[in-house]
């Protein structure tokens, strides 16, 4: 209970559980769903795309680590902007974009889940996506500890599956040139660094998740210490796994064949299931691995659903979203109304039916949010340069008061954002730039701020 007697969120998540939350979100969010498409872009050097994306994500991770040690609260990005700039409206804008990014991410991963589910039942991907979202919402209702236990089991399964790929495919490393820059390839990209960076922009989606740990701060023990550590630990663990899996994947299966699995009309196994069946020379390997992939993507849907609903809850508590979203169920200690609204929004984006479009739209939101978070740390450091900095985590590589890594994170995210702005997206049969679509759906939410403040 808080001082007014209203129920509050349950603070019971440990450092290990918070790290598992981060690893669980990251591992299932992209490697299972997008490695085929990424291999078609970057060829045998897709592993370098994962490394570039990890370096960009790492710059932002240190910003999240320091800011989360200063402000260990739900609705993290909203809180950072509001506290550093003193403007609730600017905080609302970035918070609203973060909520949209979260629910769109749920939709993207739900569609990724359906790409593996089709091996068993060829049901409409939208129907499958909606079903897994509803199941995740039901589990979210039950309480944070119940969700954490399920997340732990699924994370062990999905991490085990990726380690299994590394083990069975490690002997194939060296059979292809992993250091040859791609030539003109399956997706029409030019040779050299261009496809590497294009691949990095796509697989950056695979690193989404470490920042979401900040949004369970009010349910984490010793949040000022444990949340920053969980952010960094989860990113390091998943980066090592990703690079090894990417090297193994293109060593076992030609990048063109991996890319073919990303086709919407492909009726067979997913990309890593194809790697497993090829390495083991048995279709059973692919079928068993498909079960692992289903657990991984289902787990990501669950955890992203949880953190998105907590973001809504935190913003509503600060009077930047309707008040009913801040209500907590006294029995389950979960924000029931936020969970319901989050579920509805996730389902709406599933109806797009395109994993590529949804993933690219997610990246636009993520690059924008990361750009702002990095900028907030630079601004915070500037304003506190003559005083004390109470942050428990200070890993930004400093020159005096100036944080170097967050500065590079700002530049990198802005550059990646500019590469995404003009990507085409199909909306009601029309092809429009993602920038226009993203601007429209962001503008639609602005009236919510003024309605909530009255």
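What follows draws every value from the coordinates through simple rules; no lab data is involved. Given the structure is predicted, the values throughout are model-derived calculations rather than measurements. Cβ placement follows ideal geometry from the backbone for every residue including glycine, while neighbour counts extend to all protein chains displayed.
Using Cα atoms only, what is the angle between the long axis of helix 144-169 and the major principal axis of the chain, expressed in degrees (0 to 90) to the nearest 10?
Roughly 30 degrees, rounded to the nearest 10.
In deg cm²/dmol and to the nearest 500, what is the mean residue ellipticity at 222 nm of the chain if only DSSP H runs of at least 4 residues count, each as -39500 (n - 2.57), divided by the residue total?
When only DSSP H runs of four or more count, the value is -23500 deg cm²/dmol.
Using only the Cα atoms of segment 1-152, what semi-axes does the equivalent ellipsoid have when each is the square root of 5 times a gyration tensor eigenvalue? Give whole Å, largest first.
The answer is 30, 23, 16 Å, longest axis first.
Between residue 15 and residue 323, how many nm apart are label points set 7 Å from Cα along the C-beta direction?
4.1 nm
Extension gain residue 444-residue 167, at 0.36 nm per residue separation less the Cα-Cα distance, in nm? The partial results should precede the final answer.
Numbers: separation 277, 0.36 × 277 = 99.72 nm, distance 4.85 nm.
Here the answer is 94.9 nm.
Semi-axes of the equivalent ellipsoid of segment 210-302: what are they in whole Å, largest first, if each equals the square root of 5 times a C-alpha gyration tensor eigenvalue?
Ellipsoid semi-axes (Å, largest first): 33, 15, 12.
Return one number: the angle in degrees, 0 to 90 and rounded to the nearest 10, between the long axis of the Cα atoms of helix 76-85 and the longest principal axis of the Cα atoms of the chain.
That helix lies at roughly 50 degrees to the long axis.
On a full-extension model of 0.36 nm per residue, what is the gain between residue 287 and residue 87, subtracting their alpha-carbon distance, rounded to one decimal in nm? Please list the in-between numbers first.
Details: separation 200, 0.36 × 200 = 72.00 nm, distance 5.20 nm.
66.8 nm is the gain from fully extending residue 287 to residue 87.
How high is the relative contact order of segment 15-453, given as a whole-number percent (alpha carbon pairs under 8 Å, six or more residues apart)?
Over segment 15-453, the number comes to 32 percent.
Computed over the Cα atoms of the chain, what is the convex hull's projected area averaged over all directions, in nm²?
20.4 nm²
Averaging the inverse of every distinct alpha carbon separation and then flipping it gives the Kirkwood radius. What is it for segment 99-204, in angstrom units? Don't skip to the end; give the middle numbers.
Values: mean 1/r = 0.0572 Å⁻¹.
One over the average 1/r among Cα pairs gives 17.5 Å for segment 99-204.
Compute the acute angle (0 to 90°) between the alpha-carbon long axis of helix 283-317 and the principal axis of greatest extent of the alpha-carbon atoms of the chain; round to the nearest 10°.
Relative to the chain, helix 283-317 is tipped by roughly 20 degrees.
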